[in-house]
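Novice: There's a structure below that I have some questions on.
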Amino acid sequence: MERNWEETETRRRPAACADFWGKQRPVRGAAHGVGGSLTRMAAMACFLFAALVLAPLYSGAQAGAQEAGAADPGGSDGPEMRLPAVDVVATPVIEGNMVDRFGTTTTVVTKDQIEALNAVDMPEALRRVPGVTISRHNHVGSFGGGEGGAVFIRGMGSSRPGSEIKTFIDGVPMYMGPWNHPLMDLLPVDAAEAVEVVKGPQPQRFGNTLSAVNLQAKRQHGEESASTLKMYAGSYGTLGESVEHGGASGDFDYYLGQGYVRSDGHRQGSWGNKLGYYANLGFDLSEAWDLRVLALGATNRSSDPGPDTATGESDGTYGTNAQLLSATLSHDHGLFDGEFKFFVNTGEGNWKDQAGDEDDCLNDFTFYGMRLKETAHPWKGADLTVGLDVDAWQSVIHNTKDNGTETYIRPDDFSLTMPYVSASQLIGDREAWFAIPSAGLRYYEHNKYDSETAPFAGLVFGYADTEAHVSVSRGVVYPGHDVIAATWVLSGWEDLKAETTDHFEAGLAQKFGELARADVTYFHDEGRNRYVNSGWPARSWVNTEHYDIHGWEFTVTLTPTDDFSVFAGLTTQETTPDDMPYAPETTLSGGFAWRFLEDFTLNMDCQYVDEMYVLSQARLKNAANAEKVDSHFVTNARIGWDFQSEILGAGELYLAVENLFDENYAYKPDYSMPGINGTIGMKLNF
């Protein structure tokens, strides 16, 4: 079931001018180590000590000096709230881990966290989420969909071509159709009200994927109209702006927005630019029925700087362009509620001036389909759902070589019909003893491949603020047009089966009033029928490879005062084979948000990533990954000042510093990431 994560307010991420700390990274070797690991860990310990001990003490001392007429911190109906009235800081890094009625876990990052992270694209917005690893080349933008800019969830998502992860906008698929994997720049982060990281298969929500990232688009809340203007500038010639406006009139509401950012990059040839725009319109047709229309577009381009070695060669540029249109008719009649969604999106992913004898790889894609869901509540605590998802996609691939030859590939249209049913029942009272058993089934009917089924079941139970969950589910992901577009494989695509994963997770969460929340989750994924190229002499697609991933995730959020909140998350995992890329054994993330002197907010975040194998997991039988990068520890900070001006109105000035300790690190050998760098900016609310 889709959620709208409403917030009390968006403050942070504005902008202004100037380029500072913009030093070029020197040429470095293949793997970039932590350097002084003990020093970094000591710095992290000192940082957490200051956050947990000193900040709350100071914040508590300031609380006594605040005006008695301050806004009620419990008021979360926040569209009407404005900067001066907001005293409660947003939780750092993530909004929280949400467990649904089927016992499955989704981590939510809202626009508050995105602004606090000073994120200009999707990998940056999700970089601190427990269980998530990112890759990138550039300071701004993602080069393609592999090691140049991608998101990996608990070891999933590294297969190329193809991927176990799919990306969605308001539940609508939006990814690179011809090569069957996500392009993060197709999800404009300025349009995000919230981003859901779906950890593991959830057939009750999404089909044809083993994990997912779902962007929920901004929309109008309440009747009061408002506008926001942001401008910012920073190191490496980075400049950005965004404009948003929302309002309502009678039974009609609207939210319009646009955002742009560009950068020269921290290394020669590492430039990037991103443009996103959207309109979200709502119509109340009656007390029970409403219609929502979303139009969204994105245009982006980035360059590969090449390895930072004497003989390093750029692999060209990558440009994306896409437009999406969806219309959702929904109703709520008490005993029944549901929705019908129709969507179409079209776009391009163009890789130009490749290294070697290849020249351009130009890709066009179109998705269209529908979502139909109806839920009945025949008695107290019962949810009975029937649904139907239909996806269809078209692709055209145009390849050119330096010698002037060219090829066009136009695969037959693929379509996938996915009906599903589910049932859950609340037993007891969520304020006391309770249990929610659930079960369901999704069926897959593909126009080219054999049918599959994905059963799922779960149990959520507990007492009041103590909650446990356990779930089992099967994930199914079909080959896409990648098996036809990959012309280096001669045959066998028609005989492939879908890749499947059996997923198990169990967890426990404990709330301590408004003070704290802690949770722990064990997860296990066993994958089968991964499709790979058999290699010479046959060069045929075959379903032969298997994998196993299991691990633990721990998170804790403390909010000792309205002015201070701290978060920490730890993920450990083991994989078989043990060379799966972007699946480090240990990652640790943390951060705090501290509001002090009434008008100032300090956000800090950090992440430790263990050494890991990198580069794409080639779809070649018995292929092994040999490339690794060393562990790294990166810390960022952002301080903002909320102001009121008779001329400018309400707003914020901010300063953000990334890689505060100037860590030397990389997500790919010989592709060093930026050193210490900064951004200043301003945000105005009208």
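The values are calculated or read from the model by the stated rules, or taken from the named source; none is laboratory data. Quantities reported herein were computed from a predicted structural model and do not represent experimental measurements. Glycine also receives a Cβ, built like all others from the backbone with ideal geometry; neighbour counts cover every protein chain displayed. The protein model used for the area step is the full one, side chains on, heavy atoms only, and it has no ligands, DNA or RNA in it. Shrake-Rupley method; radii C 1.70, N 1.55, O 1.52, S 1.80 Å.
Novice: How many residues are at pLDDT 95 or above and open to solvent by 50 Å² or more (accessible area, probe 1.4 Å) if we restrict to segment 354-376?
Specialist: 4
Novice: Residue 235 - would you say it is of a type in the set (S, T, N, Q) and over 22 Å from residue 186 (Cβ atoms)? First the steps, then the outcome.
Specialist: Numbers: of a type in the set (S, T, N, Q): yes; over 22 Å from residue 186 (Cβ atoms): yes.
When the stated conditions are applied, residue 235 passes them.
Novice: Something else now. So which residues in segment 510-538 are in contact (Cβ under 8 Å) with a residue 40 or more places away in the chain, over 26 Å from residue 450 (Cβ atoms) and over 23 Å from the mean Cα position of the chain (by Cα)?
Specialist: Going residue by residue through segment 510-538, those that are in contact (Cβ under 8 Å) with a residue 40 or more places away in the chain are 510-517, 519, 521, 523, 525, 527, 530-535, 538.
Okay, now just the ones that are also over 26 Å from residue 450 (Cβ atoms), so 510-517, 519, 521, 523.
Those that are in contact (Cβ under 8 Å) with a residue 40 or more places away in the chain, over 26 Å from residue 450 (Cβ atoms) and over 23 Å from the mean Cα position of the chain (by Cα): 510, 511, 512, 513, 514, 515, 516.
Novice: Anything in segment 457-471 that is closer than 15 Å to residue 104 by Cα and either more than 25 Å from the chain's Cα centre (by Cα) or surrounded by fewer than 18 Cβ atoms within 10 Å (Cβ to Cβ) (or both)? List them, or say none. Outline the logic, then answer.
Specialist: Of all residues in segment 457-471, those closer than 15 Å to residue 104 by Cα come to 457-461, 467-471.
Selection gives 457, 459, 460, 461, 467, 468, 470.
Novice: A further question on this structure: Kindly indicate the residue of segment 409-425 that is free of Cβ contacts under 8 Å to residues at least 60 places away in the same chain and assigned to a loop (DSSP other than H, G, I, E, B) and also nearest to residue 471 (Cα to Cα) among those meeting that condition. Walk me through how you get there before you give the answer.
Specialist: Initial filter on segment 409-425 (free of Cβ contacts under 8 Å to residues at least 60 places away in the same chain): 410, 412-413, 415, 417, 419, 421, 423, 425.
Cutting the leftovers down to assigned to a loop (DSSP other than H, G, I, E, B) gives us 410, 412-413.
On the way: 410: 41, 412: 37, 413: 35 Å.
Only one residue tops the list, namely 413.
Novice: Can you confirm whether segment 495-509 contains a residue that is over 27 Å from residue 425 (Cα atoms), assigned to a helix (DSSP H, G or I) and open to solvent by less than 40 Å² (accessible area, probe 1.4 Å)?
Specialist: no
Novice: In this structure, does residue 559 turn out to be open to solvent by less than 30 Å² (accessible area, probe 1.4 Å), assigned to a strand (DSSP E or B) and at pLDDT 95 or above?
Specialist: Working: open to solvent by less than 30 Å² (accessible area, probe 1.4 Å): no; assigned to a strand (DSSP E or B): yes; at pLDDT 95 or above: yes.
Criteria not met by residue 559.
Novice: Still on this structure: Filter segment 436-451 down to the residues that are open to solvent by 40 Å² or more (accessible area, probe 1.4 Å) and either farther than 29 Å from residue 412 by Cα or in a strand (DSSP E or B) (or both) and list them by number. Walk me through how you get there before you give the answer.
Specialist: The first filter runs over segment 436-451 and keeps only residues open to solvent by 40 Å² or more (accessible area, probe 1.4 Å), leaving 437, 439, 441, 443, 445, 447-448, 450-451.
Listed by number, the residues that qualify are 437, 439, 441, 443, 445.
Novice: Let me ask something additional. Hey, any hits in segment 114-123 for a residue that's charged (D, E, K, R), modelled with pLDDT of 95 or more and outside any loop (DSSP other than H, G, I, E, B)?
Specialist: yes
Novice: Continuing with the same structure: Condition first: over 20 Å from residue 577 (Cα atoms) and either charged (D, E, K, R) or open to solvent by less than 30 Å² (accessible area, probe 1.4 Å) (or both). Now tell me which residues in segment 597-616 satisfy that.
Specialist: Within segment 597-616, the first condition is being over 20 Å from residue 577 (Cα atoms), and the residues that meet it are 597-608.
Selection gives 598, 599, 601, 603, 605, 606, 607.
Novice: In this structure, is residue 548 out of contact with any helix residue (DSSP H, G or I) (no Cβ under 6 Å at 6 or more places or on another chain), without any contact (Cβ under 8 Å) to a residue 40 or more places away in the chain and open to solvent by less than 40 Å² (accessible area, probe 1.4 Å)?
Specialist: In short, yes.
Novice: While we're on this one: So for segment 635-656 (the condition being out of contact with any strand residue (DSSP E or B) (no Cβ under 9 Å at 6 or more places or on another chain) and under 27 Å from residue 269 (Cβ atoms)), does at least one residue qualify? Even if it seems obvious, please write down each step before you answer.
Specialist: So the first thing to find is which residues in segment 635-656 are out of contact with any strand residue (DSSP E or B) (no Cβ under 9 Å at 6 or more places or on another chain), and the list is 646-647.
From what's left, under 27 Å from residue 269 (Cβ atoms): none.
No, every residue in segment 635-656 fails to be out of contact with any strand residue (DSSP E or B) (no Cβ under 9 Å at 6 or more places or on another chain) and under 27 Å from residue 269 (Cβ atoms).
Table: residues versus (1) surrounded by fewer than 18 Cβ atoms within 10 Å (Cβ to Cβ); (2) under 24 Å from the mean Cα position of the chain (by Cα).
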| site | (1), (2) |
| --- | --- |
| 623 | yes, no |
| 627 | yes, no |
| 633 | no, yes |
| 642 | no, no |
| 647 | yes, no |
| 657 | no, yes |
| 665 | no, yes |
| 673 | no, yes |
| 682 | no, no |
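Novice: Filter segment 472-494 down to the residues that are assigned to a strand (DSSP E or B) and of a type outside the set (Lys, Arg), then identify the one that is farthest from the chain's Cα centre (by Cα).
Specialist: Looking only at segment 472-494, we keep the residues that are assigned to a strand (DSSP E or B), and these are 472-477, 491.
Now restrict to residues that are of a type outside the set (Lys, Arg): 472-473, 475-477, 491.
On the way: 472: 23, 473: 22, 475: 19, 476: 20, 477: 19, 491: 35 Å.
If we take residues in segment 472-494 being assigned to a strand (DSSP E or B) and of a type outside the set (Lys, Arg), then 491 is farthest from the chain's Cα centre (by Cα).
Novice: Given the residues 298, 382, which is the only one that is touching a helix residue (DSSP H, G or I) at 6+ places or on another chain (Cβ under 6 Å) and open to solvent by less than 40 Å² (accessible area, probe 1.4 Å)?
Specialist: Matching residue, one of 298, 382: 298.
Novice: Could you please find all residues in segment 510-531 being touching an Asp or Glu at 6+ places or on another chain (Cβ under 6 Å), under 26 Å from residue 576 (Cβ atoms) and open to solvent by 20 Å² or more (accessible area, probe 1.4 Å)?
Specialist: Step one: of segment 510-531, the residues touching an Asp or Glu at 6+ places or on another chain (Cβ under 6 Å) are 511, 521, 523, 526, 529-530.
So of that shortlist, the ones also under 26 Å from residue 576 (Cβ atoms) come out as 521, 523, 526, 529-530.
Those that are touching an Asp or Glu at 6+ places or on another chain (Cβ under 6 Å), under 26 Å from residue 576 (Cβ atoms) and open to solvent by 20 Å² or more (accessible area, probe 1.4 Å): 526, 529.
Novice: From the list 619, 638, which one is crowded, with 18+ Cβ neighbours inside 10 Å and closer than 30 Å to residue 538 by Cα?
Specialist: So the residue among 619, 638 that is crowded, with 18+ Cβ neighbours inside 10 Å and closer than 30 Å to residue 538 by Cα is 619.
Novice: Checking the conditions here, which among 272, 265, 259 is open to solvent by less than 60 Å² (accessible area, probe 1.4 Å) and in contact with an Asp or Glu (Cβ under 6 Å, 6 or more places away or on another chain)?
Specialist: Numbers: 272 fails: in contact with an Asp or Glu (Cβ under 6 Å, 6 or more places away or on another chain); 265 fails: in contact with an Asp or Glu (Cβ under 6 Å, 6 or more places away or on another chain).
One residue alone meets the criteria, 259.
Novice: Restricting attention to segment 336-353, which residues are open to solvent by 20 Å² or more (accessible area, probe 1.4 Å) and aromatic (Phe, Trp, Tyr)? Show your work before the answer.
Specialist: If we filter segment 336-353 for residues that are open to solvent by 20 Å² or more (accessible area, probe 1.4 Å), which is where we start, we get 336-337, 339-340, 342, 344, 346, 348, 350-353.
The answer is 336, 340, 342, 351.
Novice: Return the residues of segment 395-408 that are among the acidic types (Asp, Glu) and either surrounded by 14 or more Cβ atoms within 10 Å (Cβ to Cβ) or in contact (Cβ under 8 Å) with a residue 12 or more places away in the chain (or both); say none if nothing qualifies. Reasoning before the result, please.
Specialist: Kept after step one, since they are among the acidic types (Asp, Glu), are these residues of segment 395-408: 402, 406.
Correct list: 402 only.
Novice: Out of everything in segment 301-335 that is in contact with a Phe, Trp or Tyr (Cβ under 9 Å, 6 or more places away or on another chain) and either among the acidic types (Asp, Glu) or free of Cβ contacts under 8 Å to residues at least 12 places away in the same chain (or both), what residue ends up being surrounded by the most Cβ atoms within 10 Å (Cβ to Cβ)?
Specialist: The selected residue is 304.
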